[in-house]
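The values are calculated or read from the model by the stated rules, or taken from the named source; none is laboratory data. If you're wondering where the values come from, they're calculated on a predicted model, not measured in any experiment. Please note: Cβ atoms are built from the backbone with ideal geometry, for glycine as well, and neighbour counts cover all protein chains shown. These area figures cover heavy atoms from the full protein model, side chains too; ligands, DNA and RNA do not enter into them. Shrake-Rupley method; radii C 1.70, N 1.55, O 1.52, S 1.80 Å.
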Amino acid sequence: MTSSEHVDLPSFIDGVKKRNPGQPEFVQAVTEVAEDIFEFMRGKEKYHEAQILRRIAEPDRVISFRVCWEDDKGNIRVQRGWRVQNNNAIGPYKGGIRFHPSVTESVLKFLAFEQTFKNALTGLPMGGGKGGSNFNPKGKSANEVMRFCQSFMTELYRHIGADVDVPAGDIGVGGREIGYMFGQYKRITNQFTGVLTGKGLEWGGSLIRTEATGYGAVYFLQNMLRTKGLEVEGKRAVISGSGNVATHAAEKIVQLGGTVLTLSDSEGFIHDPDGITQEKIDWVKNLKNVKRGRISEYVKEFKGASFTGGGARPWGVACDVALPCATQNELDGNDAKTLLANGCMAVSEGANMPTNLEGVHIFKAAKILYAPGKASNAGGVAVSGLEMSQNSARISWKEADLQEMLLDIMKGIHASCAEYGSDGNGYIDYVKGANIAGFKKVADAMLAYGVV
Ligand code: NDP
């Protein structure tokens, strides 16, 4: 290969756009990473010559399949399912399954791409993948969800395996859905292996997996604040979402002495000026996981709180720190400006790509403490990796040991970001640091394999 085959950043992005028409989320994720990687690759011929970034931005494979199921009224329903296996250079494909009507191939390709870098950052041997369906679990009976999960796994099972591809939960997929899918996998293959993570404790799950993403995002925040000699204690936090990641992020903020002011769902957000205490968080967990209710119900239970509907997001509530923990592109340029104007000093993303490109550029220009999800929400997949290790060895580690490992891993990710993202004058560009540290590990493994 010759250097004439090098492309510059604009031509690279142009090529990504042309090859992936109608996939804005995927193009957005690749653009954000490419901006940093092109700078890093300057003068490093080996990465250019082997076309490494071009290869990481082309999934190893995208599997798409039909999922038929019967609703409680006997109607036949048809959904589309996917598994995107992005890259397995450093370990089996690993990444969650999302059930949400907004799921498209573009969304899953962006998530699998991001997952590749995130998993590399954890230091554990995991490649990147993601899957899901446009199935909407909201308003469905438990039997309908079970029938859907069984049908989904009846197709997916042939593409996954403990050493091949290990899915986990994500939006709309929690312990209940993992149970239905693991049960069907076991039934079809007659094997009890660590093929899924996020399993129940009685059947191969790991302690603290449920809490790990939210807790990890707060540990990352803690690491960032400490670079300025600050602590979480006394800080006012604005959090979006009210699912697994949001409620556990809220819990850890409260445990560390901070005050949580907001939570949200796709219908709007609640603002509780008195603070969302542990008791209130437990109430929300029950509302979401057992009653399957809506966050607006919070204000009937806790006086003094208000609900803002119409899909409103909480970024206008004055805070010291913000944790977007709902979904992609939920925080735009205007939201970023509002947060800054209100004095927000740190943003730690619990969700994947919650801040759009304009928002990211605004946070970076303001040089606040801003952590991209691929670094700050990696705690979940890290404990999933530890669940895989426990499954392989047929052992269960103690909670205190796992807590210690999670703390260590988040500290390690922070250190990797600082290594590649520090400007030498006290500012750390965590986006750049995470992109480069994740890329380097995957890229060096790919170089070792030659052209495959
Ligand atoms: P849950 O399904 O438990 O909760 C999702 C929350 O986000 C709900 O409150 C949901 O509200 C809200 N939400 C979902 N879609 C939208 C939307 N389009 N607009 C507004 N609100 C929305 O999911 P998780 O907590 O597991 O995941 C949240 C985020 O964290 C996702 O980006 C996910 O990829 C990421 N993540 C999750 C990990 C995990 O371990 N679970 C690991 C790493 C990242 P509603 O009920 O109204 O839809």
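Side notes on the structure shown:
- Taken as a whole, the structure leaves Ser348 outside the set of residues that are touching a Pro at 6+ places or on another chain (Cβ under 8 Å), in the same structural domain as Ala249 (by TED's automatic domain parsing) and not hydrophobic (A, V, I, L, M, F, W, C).
- Restricting the search to helices (runs of 4 or more DSSP H) fully inside region 345-411 and requiring at least 3 residues that are more than 16 Å from the ligand (Cβ to nearest atom), open to solvent by 50 Å² or more (accessible area, probe 1.4 Å) and over 24 Å from Gly128 (Cβ atoms) gives 357-366.
- Members of region 422-452 found to be farther than 21 Å from Lys46 by Cα and in a loop (DSSP other than H, G, I, E, B), listed by number: Asp423, Gly424, Asn425, Gly426, Tyr427, Asp429
- Restricting Gly243, Gly204, Gly200 to residues that are open to solvent by 10 Å² or more (accessible area, probe 1.4 Å) and on the phi > 0 side of the Ramachandran plot narrows the list to Gly204.
- Checking each residue in region 312-344 for being outside any helix (DSSP H, G or I) and among the acidic types (Asp, Glu) picks out Asp320, Glu330, Asp332.
- Members of region 4-30 that are among the small types (Gly, Ala, Ser) and surrounded by 18 or more Cβ atoms within 10 Å (Cβ to Cβ): Ala29
- Hits in region 217-243 - residues which are within 16 Å of the ligand (Cβ to nearest atom) and part of a helix (DSSP H, G or I): Ala217, Val218, Tyr219, Phe220, Leu221
- The residues listed here are Gly412, Gly421, Gly385, Gly450; of these, the one that is within 20 Å of Thr355 (Cα to Cα) and at pLDDT 95 or above is Gly421.
- When Pro167 is tested against (1) free of Cβ contacts under 8 Å to residues at least 40 places away in the same chain; (2) under 19 Å from the mean Cα position of the chain (by Cα), just one condition goes unmet, and that condition is (1).
- Residue check for Gly139: free of Cβ contacts under 8 Å to residues at least 24 places away in the same chain and either part of a helix (DSSP H, G or I) or open to solvent by 10 Å² or more (accessible area, probe 1.4 Å) (or both): yes
- Close pairs (6 angstrom Cβ cut-off, 6 or more residues apart or separate chains): more than 13 Å from the ligand (Cβ to nearest atom) in region 309-332, open to solvent by 40 Å² or more (accessible area, probe 1.4 Å) and charged (D, E, K, R) anywhere: Cys319/Arg236; Asp320/Arg236
- Filter result for Gly183 (within 11 Å of the ligand (Cβ to nearest atom) and closer than 28 Å to Gly293 by Cα): no
- Sole exception among (1) within 30 Å of Met146 (Cβ to Cβ); (2) within 16 Å of the ligand (Cβ to nearest atom) for Phe269, by number: (1)
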